[in-house]
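Below is one structure; the comments refer to it alone.
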Amino acid sequence: MGRKKTPTRGPYLLDVTFLRDRINTPDRYPFSIPVVQHLSHLSFHPNVTFFVGENGSGKSTLIEALAVACDLNPEGGSVNFNFSTRATHSQLENYLRVARRGLPPDSFFLRAESFYNVATEIDRLGANKSYGSVSLHQQSHGESFFTLFEERFGFRQPDRNPVPGLYFLDEPEAALSPNRQLQFLSLVHDYCNEGSQFIIATHSPIIMAYPESLIYVLDATGIHPTPYMQTEHYVVTKRFLEHPKRMLRILMADEISTGDSQIQHDVRR
């Protein structure tokens, strides 16, 4: 009997280089996005890399391009998903050169805004056994997300040994309560210990607190590695939770004192 093959552990995605010399239309989307204008080279953490920033900063565009460049479907799913509801992705993947270390035994792209389409495709394929054996459409939005994380990632069903994988997640907190976000962090930790790697775009200060991760802040001036406690998400959330009444009073006031003006500016910008 042959020796059982051990799945290759991560990291799988090492870095990405933007091939700027291929661009013929720099003034068009997605090349007109500030974050793409400043993109040259990015390295990834062996376990967890975060993209954070304001709405419209380019997080989803970038993580989608990386997922597609790693052979995943633009609307989400595993490498076995090739359905298309509407072709809307940016084609940015054609201008990226990704450096990979082998092929992951498993991979998946979660795109929160099109997860309904993925759930429909799972039903069509009759693949619910890998997702808790219950249609994701028969679960609440939050339950379906958590079922994906708990049942599908790493093949954690009783009859299959866990395997590591490469997972791209665009706003996984979209359907999760704070408590579920904490449970999600515990799952991520388990998967990373098994050799998995995660690239996550998020607004959640809970999720981006994962220890020893790499946080990239995307803004109008580019992409910046940033310590967790220096992210705007952490600062604004901490300030609000420490002084909710004061923050609400400032936000809803017609006139504010000089000392409060900076706070109002920070949360309204």
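Between His243 and Asn55, what is the FRET efficiency for a Förster distance of 25 Å, r being their Cβ-Cβ separation, to the nearest 0.05? It comes out at approximately 0.55. Region 92-114 and region 175-250 have Cα centres lying 22 Å from one another.
Could you work out the mean projected area of the convex hull around the alpha carbons of region 13-228, in square nanometres to one decimal?
On the way: hull surface 46.1 nm².
It is 11.5 nm².
Which FRET efficiency value, to the nearest 0.05, is calculated for Arg100 and Ser140 with the Förster distance at 45 angstrom and r the Cβ-Cβ distance? Working shown, then result.
Numbers: r = 36 Å, r/R0 = 0.79.
Here the calculated transfer efficiency is 0.80.
Estimated from the Cβ-Cβ distance and a Förster radius of 30 angstrom, the FRET efficiency linking Leu251 and Gln37 is about 0.40. Spacing of the modelled spin labels on Arg124 and Leu187, each 7 Å from Cα toward Cβ, amounts to 2.4 nm.
Ranked by the mean number of other Cβ atoms within 10 Å of their residues, highest first, the peptides 71-81, 228-238 fall in the order 71-81, 228-238.
Each value in this text was obtained by applying a stated rule to the coordinates, not by laboratory testing. All figures in this text were calculated on a predicted structure; none of them were measured in a lab. Because the Cβ atoms are built from the backbone with ideal geometry, glycine has one as well, and the counts that use them run over all protein chains shown.
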